[in-house]
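Worksheet: the structure to be examined is printed underneath.
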Amino acid sequence: PSPSPCQPHGDSEEALSLEIEELKQKNLALDQEIAQLLSEGYSLEELEQHISLLHEYNDIKDAGQMLLGKLAVIRGVTTKQLYPEYDLELSD
């Protein structure tokens, strides 16, 4: 949310400081997770490959969801109703 014109300048600085601190904590947590995975024998290349494959999977899944949504609109049903027809699980 953007600050309103009447909002004091200090509040927005405080919100930014809080957001920066939260991002630093997330960054630290991710660094620790990477260190843990490296200590378990994973390589950076393997982790990068895995992340790349996850992005590709998510892109394909998003496209499939979009197509199911359009088909559901054409048929006048819910997307959920199409899942059994295509042997999909709701958790997919």
Residue farthest toward the positive end of the dipole of the chain, with Cβ of Lys/Arg at +1 and Asp/Glu at -1: which of Leu47, Leu82, Gln36?
Leu82
Of all the accessible heavy-atom surface of the stretch 42-92, with the other protein chains kept in place and a 1.4 Å probe, what percent is carbon and sulfur?
58
How about the stretch 10-92: which trypsin sites (Lys or Arg not before Pro) there are in a DSSP loop, with at most 16 other Cβ atoms within 10 Å of their Cβ?
none
Mind giving me the FRET efficiency for Glu19 and His50? R0 is 30 Å, r the Cβ-Cβ distance, nearest 0.05 is fine.
0.55
Please count, across the chain, the pairs of lysine residues with Cα atoms under 27 Å apart that sit 8 or more places apart or on different chains.
4
Say we join alpha carbon atoms closer than 10 Å with springs in a Gaussian network model of the chain; which of Ser43, Ser12, Ser52 then has the biggest fluctuation?
Ser12
Once every DSSP H run of n ≥ 4 in the chain is given -39500 (n - 2.57) and the sum is divided by its residues, what mean residue ellipticity at 222 nm do you get, rounded to the nearest 500 deg cm²/dmol?
-25500 deg cm²/dmol
The chain - Debye-derived log10 I(q)/I(0), Cα point model, q = 0.18, 0.23, 0.26 Å⁻¹
-0.86, -1.08, -1.26
Rounded to the nearest 10 Å², the accessible area of Asp87 using a 1.4 Å probe with every protein chain kept is 140
Out of the stretch 18-75, which GluC sites (Glu not before Pro) are coil in DSSP terms and have no more than 16 other C-beta atoms within 10 Å?
Glu40
Just to confirm the number: angle between the C-alpha axis of helix 44-75 and the first principal axis of the chain, 0 to 90 degrees, nearest 10?
50
Regression test value, accessible area per residue of the chain, probe 1.4 Å, units Å², expected 87
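The values are calculated or read from the model by the stated rules, or taken from the named source; none is laboratory data. In this text the structure is predicted, and so the values were computed from the model without any measurement. Positions of Cβ are backbone-derived with ideal geometry, glycine not excepted, and every protein chain shown enters the neighbour counts. Surface accessibility is based on the protein's heavy atoms, side chains included, excluding ligands, DNA and RNA. Shrake-Rupley method; radii C 1.70, N 1.55, O 1.52, S 1.80 Å.
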